[in-house]
Every structure is written in structure tokens, then in C-alpha cells.
Amino acid sequence: VQADDYAELKPLIEKGIESAGGREKLTKRPVSTMKFSGVYHATGNPTPFTGRVVRLRGEKSRIEVDNVYTVVFNGTQGWLSANGAVNDLTTEQADNVKGDLHVERVTSLLPLGGDKYTVTKLGETQVNGKPAVGLKVESAGQRTVELYLDKQNGLVVKRSAQTRSTEQGGALVNEETVYTDYQTVDGLKVASKSVAHRDGSKYVELEATQIELAEKANDSEFQRP
């Protein structure tokens, strides 16, 4: 049944990949750098912030929140820099980053259809006032990811997956993110705005102020700060 679900969803998944720029271009440019502004809502007192994120799709990440912290994961190890101190990520923190990177990899749609992934149809709904088709992606030992693709162009308009909440002492929470305002950057479509909710409460709003895509990552981005 699950294999049949992928066969049914494959045309829309492939349309999404094509709408985003095509498999060849997406595969060739796995590195993304985004400067952003945002609003943090978790404390109940909306707080604006700015920052920067660098990702090598599914493998490495660097997240900077200006004047707050920097978190770096180089594929095997990670560090947190805050208040003038640098500390290794705990095993649980590093595993959470790995989980988040897996979710990002799945969101690209590129690995779907591979032997490691099972795709199940979730049905249709409305996202941003437009029809969207839902699918659930499962992989052994990894987080389950639910994606909703625009029915017309296949672009990802909503994602849901678990992550660990720093505000709740590392407890697992469900994070649902809605994506809007896709922009074309070097021939690829990238969502420039997103709103994330955790367990139903608004968590973070983000808006990209600059987006760059590249074939290779600068190793210095993922060195210990």
C-alpha cells in the first residue's frame, strides 16, 4: 500500500522538484546561506531578532542569532557559543541537530522514492488558501516528516515534524512550519518567509533578507568557534 502511495504521489513530487529548479540544479547546489530577520514568540512577549543560517543539505549547519548564540554542527560534532563561552553540544543536542538536518533533507523532496524512505498519502487540505496534498515520509531510525505540497506546482507549503525544545528542557515537541513567498535565486525557488508553531503555539516568524546558494561550503563556517 505504501509503495502504491509513492507511485500515486510521484508525479506531484517530481513537479515540486522541477518547480524548485530541477533535480540537477538542486543536487549541484546543496549549500544555502540565508540572512534573516524574525520575531520570537515563545516567551509570550514577541521579540525581534536577526541572524544567519548556513546549511550543507542534510549534513552540516551553522545557526547564528545576533548577540545571542551560534550553534555549529560539522557532521559529527557540534558546539554552542554564547555569552563569550564555547561548549560542546551534548549527545542529545547533537542528535537533535542531526534530526533537524534529516527533516531539511526530506523537505527538499530529492531523496523520496529511495529505498530508505516510505511515503504515505495524507489527503488534501487547504494551506494559504490553496489546495495542497499531504504526504508522510518515514525512514528507519529517523523522525517522521509530514509535508504538504501545493497541488498546482508541487512546492512545499507546510511541514510538520518533531524537534527538541530548549525552552522546555529538551522535551520533544511538534513543530509545524508554513512557507510562503517563494523567490527565484540563481534559478532555484526558495521560500523567503515562514511561520513556525510548536504544539499549536506560534514560535518563530522568519523573513529572508538575503539568500545565496552554492556548490561547495566554506569549511570555516563549520569550524569550532
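The values are calculated or read from the model by the stated rules, or taken from the named source; none is laboratory data. Since the structure is predicted, the reported quantities are computational estimates derived from the model, not experimental observations. Glycine also receives a Cβ, built like all others from the backbone with ideal geometry; neighbour counts cover every protein chain displayed. When the accessible area is computed, the model is the full protein with side chains, heavy atoms only, and any ligands, DNA or RNA have been set aside. Shrake-Rupley method; radii C 1.70, N 1.55, O 1.52, S 1.80 Å.
The table that follows gives values for the structure above.
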item: In Å², nearest 10: area of ILE17 left accessible to a 1.4 Å probe; result: 0 Å²
item: With all protein chains modelled, accessible area of PHE49 [1.4 Å, Å²]; result: 40 Å²
item: Alpha-carbon centroids, the range 149-164 and the range 168-224: separation in whole Å; result: 13 Å
item: The chain: angle of helix 91-107 to the longest principal axis, Cα-based, in degrees nearest 10; result: 30 degrees
item: Computed E for ASP4/PHE49 - FRET, C-beta separation, R0 41 angstrom, nearest 0.05; result: 0.35
item: Stretchable slack from SER201 to THR118, in nm (0.36 nm times residue separation minus alpha-carbon distance); result: 27.0 nm
item: Karplus-derived 3J(HN,Hα), 6.51/-1.76/1.60, for each residue of the range 47-52, Hz, glycine and proline x; result: 10, x, 7, 10, x, 7
item: Efficiency of FRET between VAL86 and GLU167 - r from beta-carbon atoms, R0 25 angstrom, step 0.05; result: 0.70
item: Structure-based [θ]222 nm, the chain - -39500 (n - 2.57) summed over DSSP H runs of at least 4, per residue, nearest 500; result: -6000 deg cm²/dmol
item: Accessible surface ranking that places the most exposed of ASP95, ASP4, ASP100 first, with a 1.4 angstrom probe; result: ASP4, ASP95, ASP100
item: Helix axis angle, 2-19 relative to the chain longest principal axis, alpha carbon, degrees; result: 70 degrees
item: Among (i) 57, 38, 30; (ii) 62, 47, 30; (iii) 52, 38, 34, the entry derived from the coordinates for Cα extents along the principal axes in Å; result: (iii)
item: Whichever lysines have a C-alpha closer than 24 Å to that of LYS28, once near sequence neighbours (fewer than 8 apart) are set aside; result: LYS10, LYS15, LYS60, LYS98, LYS116, LYS189, LYS193, LYS216
item: Exposure of GLU212 as accessible area (Å², to 10), given a probe of 1.4 Å and all protein chains; result: 90 Å²
item: Inter-site label distance for THR76 and GLN152 at 7 Å from Cα along Cβ, in nm; result: 4.8 nm
item: Sequence of HIS41, HIS102, HIS197 from largest to smallest accessible area, 1.4 Å probe; result: HIS197, HIS41, HIS102
item: Solvent exposure of the range 73-225 as accessible area per residue, Å², 1.4 Å probe; result: 53 Å²
item: Dipole in debye (nearest 20) - the range 114-225, about Cα centre, beta carbon charges: Lys, Arg +1; Asp, Glu -1; result: 340 debye
item: For the range 169-225: rounded, prolate or oblate by the Cα gyration tensor [a/c cutoff 1.5]; result: oblate
item: Carbon plus sulfur fraction of accessible area for the chain, probe 1.4 Å, in percent; result: 44 percent
item: Cα centroid separation - the range 24-70 against the range 80-100, whole Å; result: 15 Å
item: Pairwise label distance in nanometres, LYS28 with THR180, each label 7 Å out on the Cα-Cβ vector; result: 3.3 nm
